[in-house]
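To start, the structure itself, in structure tokens.
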Amino acid sequence: MNETLAKYVPEHAVKPVFELIVHNQVHLKIVNERMTRHGDYRRGHSGKHEITVNANLNKYRFLITLVHEISHLVAFEKFGIAIKPHGSEWKFTFQRLMIPFIRPEIFPPKLLPLLARHFKNPSASSDTDATLSLALKQFDAANDKNYIFELPYGSVFRIKSGKIFKKGAQRTKRFECVEVNSGRTYLFNPNAEVELLPMA
């Protein structure tokens with residue numbers, strides 16, 4: 001397990017992450033990329049704690065995602081299953097589990113102040129923190145993708161499924177985008193990664 005973890009999390013995080021996994025009896029699956037989420041926690045029918053994390057995440061985002069999902073497990077165990085998935089109990093738990101990792105042996109110095117700020121009040125997804133998300137993106141493998149919030153209004157872009165959309169106005173946190181073929185409107189997370197297409 002340690003050898004596997006070493007491929008996905010920073011070197012100095014391997015041992016404490018392994019201890020978290022063992023202590024909480026986590027069944028960890030590293031899976032192919034999913035567009036809608038970085039990770040997932042559920043309690044299986046057998047009572048096993050099953051956590052999945054996308055294999056394509058860089059080491060820092062993988063670590064944050066894994067601790068995020070373990071925090072769901074710990075919060076449900078401690079406070080009961082009636083709590084809100086990303087409510088105050090989960091935030092408290094996520095902060096407590098993440099603090100030991102926010103140090104220069106694990107994260108690059110330029111990420112530390114952004115992480116410290118984010119974890120004062122962690123959100124349901126680090127993607128909704130645009131500053132942190134952009135900083136984390138610097139450590140991704142090179143690709144030709146853009147975040148939706150970076151694109152000019154009216155831009156045309158393609159998502160992984162091949163569907164083409166036109167960017168519209170921002171509604172609260174998400175952007176309204178119209179699918180070109182159907183004319184239907186969809187809401188996109190500002191940090192969804194898409195392929196910008198040249199204007200016709």
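May I ask you to compute the full-extension gain from Lys120 to Arg96, defined as 0.36 nm times their residue separation minus their alpha-carbon distance, rounded to one decimal in nm?
Extra length from Lys120 to Arg96 when fully extended: 7.6 nm.
Whole-Hz ³J(HN,Hα) for each residue in the stretch 129-138, computed from phi via Karplus 6.51 cos²θ - 1.76 cosθ + 1.60 with θ = phi - 60°, x for glycine and proline: what do you get?
8, 4, 5, 5, 4, 5, 5, 5, 4, 4
With +1 assigned to the C-beta of every Lys and Arg and -1 to the C-beta of every Asp and Glu, and no other charges, what is the dipole magnitude of the chain about the Cα centre in debye, to the nearest 20?
Dipole about the Cα centre, nearest 20: 420 debye.
Normalised by the empirical 2.2 N^0.38 Å for globular proteins, what value does the Cα Rg of the stretch 36-94 take?
On the way: Rg = 11.7 Å, N = 59, 2.2 N^0.38 = 10.4 Å.
Its radius of gyration relative to the 2.2 N^0.38 Å reference: 1.13.
On the full set of protein chains, 1.4 Å probe, figure out the accessible area of Lys7 and give it in Å² to the nearest 10.
Accessible area of Lys7: about 140 Å².
Could you tell me the accessible area of Asp144 in Å² (1.4 Å probe, neighbours in place), rounded to the nearest ten?
Estimated to the nearest 10 Å², Asp144 gives 100 Å².
Order the following by accessible area, largest value first: Met98, Met199. Probe radius 1.4 Å; ligands, DNA and RNA are ignored. Each step should come with its number before you reach the end.
Numbers: Met98 0, Met199 130 Å².
Most to least solvent-accessible, the answer reads Met199, Met98.
Can you work out the FRET efficiency for the pair Gln25 and Lys84, with r the C-beta to C-beta distance and R0 = 25 Å, to the nearest 0.05? Write down the numbers at each step before the final one.
Working: r = 24 Å, r/R0 = 0.95.
FRET efficiency, Gln25 to Lys84: 0.60.
Provide the net charge surrounding Lys166, with neighbours chosen by a C-beta distance below 12 Å and charges set as Lys +1, Arg +1, Asp -1, Glu -1. List each step's numbers first, then the result.
Values: positive: Arg158, Lys163, Lys167, Arg184; negative: Glu176, Glu179.
That works out to +2.
For a label point 7 Å from the Cα of Asn32 along Cα→C-beta, name the residues of the stretch 182-200 whose backbone N is under 20 Å from it.
Residues passing the 20 Å test: 193-195.
Using helices alone, I'd like the mean residue ellipticity at 222 nm for the chain: each DSSP H run of four-plus residues gives -39500 (n - 2.57), total over residue count, nearest 500.
-9500 deg cm²/dmol
Report, to one decimal in Å, the Kirkwood hydrodynamic radius for the stretch 46-200 based on all distinct Cα pairs.
On the way: mean 1/r = 0.0573 Å⁻¹.
Averaging 1/r across every pair of different Cα atoms and inverting gives 17.5 Å.
Which ³J(HN,Hα) values in Hz, rounded to whole numbers, follow from the phi angles of the stretch 38-51 under the Karplus curve 6.51 cos²θ - 1.76 cosθ + 1.60, where θ = phi - 60° and Gly and Pro get x?
With the stated coefficients, the stretch 38-51 comes to 8, x, 7, 10, 8, 9, x, 4, 7, x, 5, 8, 9, 10 Hz.
Which order do you get for Thr128, Thr93 if you rank them by accessible area with a 1.4 Å probe, largest at the top? Working shown, then result.
Values: Thr128 80, Thr93 5 Å².
Final ranking, largest accessible area leading: Thr128, Thr93.
Below 13 angstrom from the Cβ of Tyr186, what's the summed charge of the other residues (Lys, Arg +1; Asp, Glu -1)?
After counting each charged neighbour, the total is +4.
If each residue of separation counts as 0.36 nm, what is the full-extension length gain between Ala141 and Ser46 once their alpha-carbon separation is subtracted?
30.5 nm
The values are calculated or read from the model by the stated rules, or taken from the named source; none is laboratory data. Not measured: the values here are computed from a predicted model. Counting neighbours? That spans all protein chains shown, and the Cβs are built from the backbone with ideal geometry, glycine included. When the accessible area is computed, the model is the full protein with side chains, heavy atoms only, and any ligands, DNA or RNA have been set aside. Shrake-Rupley method; radii C 1.70, N 1.55, O 1.52, S 1.80 Å.
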